[in-house]
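Some notes on the structure that comes next.
Nothing in this text is a laboratory measurement; each read-out follows from the coordinates by a stated rule. Since this is a predicted model, take the numbers as computed values, not measurements. Cβ atoms come from the backbone with ideal geometry, glycine included; neighbour counts cover every protein chain shown.
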Amino acid sequence: MRLRHIEIFEAIRRTGSLTEAAAALHISQPAASKLLAHAEAQLGFKLFDRVKGRLVATREADILTPEIARLSQDLNSVRRLASNLRDRPNGHLRLGCAPALGLGLLPGVVRDSREAQPGITFDIHTHHSAELVQGLLTRELDLAITFDTNDYPGLTRMGLGQTELVHLSRKPATGPMRLSELSDRPGDTLIVLDAGDASGALLQLALDAQGLTPQVAIQVQTHYVACALVDAGCGDAIVDAITALAMLRPGMILRRLEPALRVPISIMARNQDPLSALHRDLIERLRAACEARLAGLDAPA
């Protein structure tokens, strides 16, 4: 099938009408009919049957539909990229980031980048680590901001800075919190990140090293959900400091942990693609933002 065949197939499948499909593609009905006939001739089977005045996909067309939809989506991505290259000479960035970093770190950086260079445009996607890696490898993303410290073939990882885990609660308290206190308070409801998350894995390693087994009541996959649960009075949480600072509400108490549990923040790119000046500027802004976000935390005792 040619690209034009895919377009007529998608248009008929959406509208159920050759006339409406032709109008959607800005071509005449005879031209649309000719395209459909050519596609079916190349394939060797019918794509649509006429049922009660509407065109209904055949069994073969239904089998083809998921693959054609994927190709259509890829074609739309190419069109958007071409449009960006034509209409956005100041640059366009497709960024992926861990959900927590999308909340606490990225918004200010995007704002500052656009203030410094108003023509910049962004596509921003929040994913977990495996999806970020896949997005880079399939060229759906230009850069990915992550807590992931693993190295992957074909990708370059650069350090941006670090965050650390903190204790978030609505119970009044002051000073740093030792991990042992988590086990000393059996009546408290504890909210933690899933061990599949870099922060959750780091916390679990630290607890195991001290032989601590606090009772976990709620396990979540994102830092901001943990913060929202604390805000709702569901319990206390161990979360990333950048997210905690972004989600801090009146009555919520943030305490650093002792000893500190630091979580590296990295940015990944494809190693065969040179970084542009636009990429380098964004990376430097992210590094500065990482440092600034933690500046408000009290020094550990």
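A few points about this structure:
- Axis of helix 198-209 versus longest Cα principal axis of the chain: the two differ by about 30°, to the nearest ten degrees.
- Antiparallel content of DSSP bridges confined to the chain, in %, to 5: 60
- Extension gain from LYS46 to ARG280, taking 0.36 nm per residue of separation minus the Cα-Cα distance: 79.0 nm
- Neighbour counts of other Cβ atoms within 10 Å put MET158, MET1 in the fewest-to-most order MET158, MET1.
- Extension gain for ILE253-ARG270 works out to 2.1 nm (0.36 nm per residue, less the C-alpha to C-alpha distance).
- FRET efficiency, 1/(1 + (r/R0)^6) with R0 25 Å, evaluated for ARG14 and THR138 via beta carbons: 0.45
- Distance between the 7 Å Cα→Cβ label points at LEU294 and ARG4: 5.9 nm.
- Charge context of SER199, other residues only, Cβ under 10 angstrom, K/R +1, D/E -1: -4
- The simple spin-label model puts a point 7 Å past each Cα toward its Cβ; for ALA228 and GLU131 those points are separated by 1.5 nm.
- Phi angles across segment 32-47 convert, under the Karplus curve 6.51 cos²θ - 1.76 cosθ + 1.60 with θ = phi - 60°, into 3J(HN,Hα) values of 5, 4, 5, 4, 4, 5, 5, 4, 5, 5, 5, 6, x, 7, 6, 9 Hz, Gly and Pro given as x.
- Three-way shape call for segment 176-237 based on the alpha-carbon gyration tensor, with the a/c threshold at 1.5: oblate
- As a rough footprinting exposure proxy, the listed residues PHE48, PHE122, PHE9, PHE147 were ranked by other beta carbons within 10 Å of their own, and the order from fewest upward is PHE122, PHE48, PHE147, PHE9.
- Computed from the C-beta positions of LYS34 and ILE63, the FRET efficiency with R₀ = 25 Å rounds to 0.55.
- Once the chain from ASP188 to LEU212 is taken as fully extended at 0.36 nm per residue, the excess over their C-alpha distance is 7.1 nm.
- Efficiency of FRET from Cβ geometry, GLN73 and ASP112, R₀ 35 Å, rounded to 0.05: 0.65
- Rounded to the nearest 10 degrees, the inclination of helix 277-294 to the longest alpha-carbon principal axis of the chain is 30 degrees.
- Here the residues THR243, THR138, THR222, THR149, ranked from fewest to most Cβ neighbours within 10 Å of their Cβ, fall in the order THR138, THR149, THR222, THR243.
- DSSP bridge pairs, segment 163-262: antiparallel proportion in percent, nearest 5: 55
- Helix 3-15 axis versus longest C-alpha principal axis of the chain: approximately 80°, rounded to the nearest ten.
- Gyration tensor verdict on segment 96-183 (Cα atoms; rounded if a/c is under 1.5, prolate if a/b is larger than b/c, oblate otherwise): oblate
- Per-residue [θ]222 nm for the chain (sum of -39500 (n - 2.57) over DSSP H runs n ≥ 4, rounded to 500): -14500 deg cm²/dmol
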